[in-house]
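The values are calculated or read from the model by the stated rules, or taken from the named source; none is laboratory data. This one's a predicted model, so the numbers in the text were calculated from it and none came from an experiment. Please note: Cβ atoms are built from the backbone with ideal geometry, for glycine as well, and neighbour counts cover all protein chains shown. Ligands, DNA and RNA are excluded from the accessible area calculation, which covers all protein heavy atoms including side chains. Shrake-Rupley method; radii C 1.70, N 1.55, O 1.52, S 1.80 Å.
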Amino acid sequence: MTPDTPVPATWPARFGDELYRFALSRVSDSETAEELVQETFLSALDGLATFRAEASERTWLFVILRRKIIDHYRRQARATHVGLDEIEAGGPTEADFFVPENGHWTGPQTPASWLRADAALEQQELHDILQRCQDRLPPQQEAVFALRFVEELSAEEICQELGLSSANYWVIVHRAKLQLRRCLEKHGLGKN
Amino acid sequence: MLLEQQADQALAREQRVNLWLHLRYCPYCNRYAQQTVLIAEWARASASARATAGPVLSEAAKERMRERLVAAG
C-alpha cells in the first residue's frame, strides 16, 4: 500500500464531521444526514478502484456525497410526485396570490418592502427563518427549490433528475418562491 | 413565471419586452422580482453557513461507520 492509498477505516474520523455538516446543511434532519454520510463512505469503498490520487480523498468524498444528496431530493420529489392538474388542485395556487380577473396581487399577498430586511434581522435569524420556511414547503417544491437554488443545478438537469416536464418545473419553482416569500413575511420580514 | 425562466434561459424578444413593461408599471411585481433574487441568495448563504458551523457527527456514529467500512472492506 502506498502512502497515497486511501484507508477507508480512517474516513469517519478524518472526514465525518465535515461531510455530516454539509449533509445536514442540505437535509435538516440529523438521521438522514448521518445515513447520507454512511452511504457516501460505503459507495466510496465500492468505487475505491476509481479513485485517482491526483484528486484529494476529501474532494472525492464530497463529490460522492453531493450525488447522494441529489438522489435524496429525487426520491423525496418522486415519492410525492404530482402532475400539473394536481398541483392546481392541491395547496396554494396563483388564485391565492393574484386576482384571477386581472392578475393583480390580492391585498393580503401584496409584497411588502424588504428594504430594511437585513438590518431588521440578524443574519443567523434570517437563515433560521428561511430554513424553517423551506422545511414547510411541500416535499416536491422543497426538492426543486433546493436543487435549483442551493445545489445550483440547471432547470434542464432538474427536470431530468425528477422526471418533470418544463411546464411543471416552472409552476413548482414559482409556487415555492411565492410561498417562501409569504412565509418570510409572516416571520418578520417587511414588518419593520 | 417569466421571472424565473429569465434566470435560467434567454427569453424570446416579445417575452422580454412584456416582462420589462410589466415590471415597469407594476411596482409590487418589481418588488417581488427583487425579493425572488434575495430568496435564492439567502438560501445559498444559509446552506453555506450551516455547512461550516453546524453540529458534528457523534463519536458513536463514527465508530459505527468505521465498523461497517471494516466489515465491508
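Residue-level analysis places B:Glu14 outside the set of residues that are within 11 Å of another protein chain (Cβ to nearest Cβ), open to solvent by 80 Å² or more (accessible area, probe 1.4 Å) and of a type in the set (Asp, Glu). If you check A:Phe41 against the conditions, is it in contact (Cβ under 8 Å) with a residue 12 or more places away in the chain and facing chain B (nearest Cβ under 8 Å)? Here the answer is yes, as A:Phe41 does meet what is asked. Collect the residues in segment A:154-176 that are touching a residue at least 24 places away in the same chain (Cβ under 8 Å) and charged (D, E, K, R), keeping them in residue-number order. Within segment A:154-176, A:Glu161, A:Arg175 qualify. B:Gln6: more than 7 Å from chain A (Cβ to nearest Cβ) and exposed (fewer than 14 other Cβ atoms within 10 Å of the Cβ), yes or no? Against the criterion (more than 7 Å from chain A (Cβ to nearest Cβ) and exposed (fewer than 14 other Cβ atoms within 10 Å of the Cβ)), B:Gln6 does not qualify. Restricting attention to segment A:120-166, the residues being of a type in the set (Ser, Thr, Tyr) and either on the phi > 0 side of the Ramachandran plot or crowded, with 20+ Cβ neighbours inside 10 Å (or both) number 0. Tell me which residues, restricted to segment B:56-68, are in a loop (DSSP other than H, G, I, E, B) and facing another protein chain (nearest Cβ under 7 Å). B:Val56, B:Leu57 - these are the residues of segment B:56-68 that are in a loop (DSSP other than H, G, I, E, B) and facing another protein chain (nearest Cβ under 7 Å).
Apart from one condition, A:Trp11 fits all of (1) touching a Phe, Trp or Tyr at 6+ places or on another chain (Cβ under 9 Å); (2) open to solvent by less than 70 Å² (accessible area, probe 1.4 Å); (3) modelled with pLDDT under 95; the exception is (3). Can you tell me which residues in segment A:108-122 are more than 17 Å from B:Glu41 (Cβ to Cβ), at pLDDT below 75 and within 11 Å of chain B (Cβ to nearest Cβ)? Residue satisfying the conditions is A:Gln109 alone.
Of B:Arg44, B:Arg24, all but one fail to be facing chain A (nearest Cβ under 9 Å), assigned to a helix (DSSP H, G or I) and open to solvent by 50 Å² or more (accessible area, probe 1.4 Å); the exception is B:Arg44.
Taking first residues from segment B:29-46 that are under 14 Å from A:Leu130 (Cβ atoms) and charged (D, E, K, R) and partners that are at pLDDT 90 or above and surrounded by fewer than 17 Cβ atoms within 10 Å (Cβ to Cβ), the Cβ contacts under 8 Å between residues at least 6 apart in sequence or on separate chains come to B:Arg44/A:Glu152.
Of the helices (runs of 4 or more DSSP H) entirely within segment A:31-103, those holding at least 1 residues that are modelled with pLDDT of 80 or more and within 17 Å of the chain's Cα centre (by Cα) occupy A:57-79.
For segment A:15-65, which positions are buried (at least 16 other Cβ atoms within 10 Å of the Cβ) and among the charged types (D, E, K, R)? Correct list: A:Asp17, A:Glu18, A:Arg21, A:Arg26, A:Glu34, A:Glu39, A:Glu57.
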